[in-house]
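For reference, the structure is listed below as structure tokens.
The values are calculated or read from the model by the stated rules, or taken from the named source; none is laboratory data. Not measured: the values here are computed from a predicted model. Here Cβ is always computed from backbone atoms with ideal geometry, including for glycine, and neighbour counts include all displayed protein chains.
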């Protein structure tokens, strides 16, 4: 966006403070916020352990390993051997342990409360393909950006409207 100087055409992003959420049948709700503390507070209402797990996963994949996962989104896919070569050290080994799993197995591994599992499984259903063995790293990739979602504003439509007016 910066390289193309799209802001001079009115293009911008809005980053909503509440990124995702789900309402449950019992009238409760879970929300994911840009603010990690608020997300953890939402999760902790149902499970302190799951809130701690989310905080750890966020720190590991959305902070420490975010550059790796973001690069995977915007570059050609790497062969499995190349991924293994780039994911080294304890965090790399931990990440690779997710690779043979399916998305729901990864969620079940990290979260115990059914409501928290439901939230993340719904997000996986909406944002990815099939839930099949070998897709476990996709959960980590999505987790790396789950608090960085944004909505585009203006841009080309705005530019076209101004050029007609």
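A few comments on the model shown:
- Residue in region 79-88 that is under 27 Å from residue 33 (Cα atoms), out of contact with any helix residue (DSSP H, G or I) (no Cβ under 8 Å at 6 or more places or on another chain) and outside any helix (DSSP H, G or I) present: no
- Within region 137-165, residues that are at negative phi and surrounded by 12 or more Cβ atoms within 10 Å (Cβ to Cβ) have Cβ atoms under 6 Å from residues that are part of a loop (DSSP other than H, G, I, E, B) and modelled with pLDDT of 55 or more in these pairs: 137/99; 138/128; 147/34; 150/15; 158/10, counting only partners at least 6 apart in sequence or on another chain.
- Pair list, Cβ < 7 Å and 6+ apart or interchain, from region 110-122 residues that are under 20 Å from residue 60 (Cα atoms) to residues that are modelled with pLDDT under 95 and buried (at least 23 other Cβ atoms within 10 Å of the Cβ): 111/120
- Index of the failed condition, residue 72 passing every other in (1) at pLDDT 95 or above; (2) within 14 Å of residue 139 (Cβ to Cβ): (1)
- Verdict on residue 36 being in contact with a helix residue (DSSP H, G or I) (Cβ under 6 Å, 6 or more places away or on another chain), surrounded by fewer than 18 Cβ atoms within 10 Å (Cβ to Cβ) and at pLDDT 95 or above: yes
- Any hit, region 114-126, residues being exposed (fewer than 14 other Cβ atoms within 10 Å of the Cβ), at pLDDT 85 or above and over 18 Å from residue 33 (Cα atoms): yes
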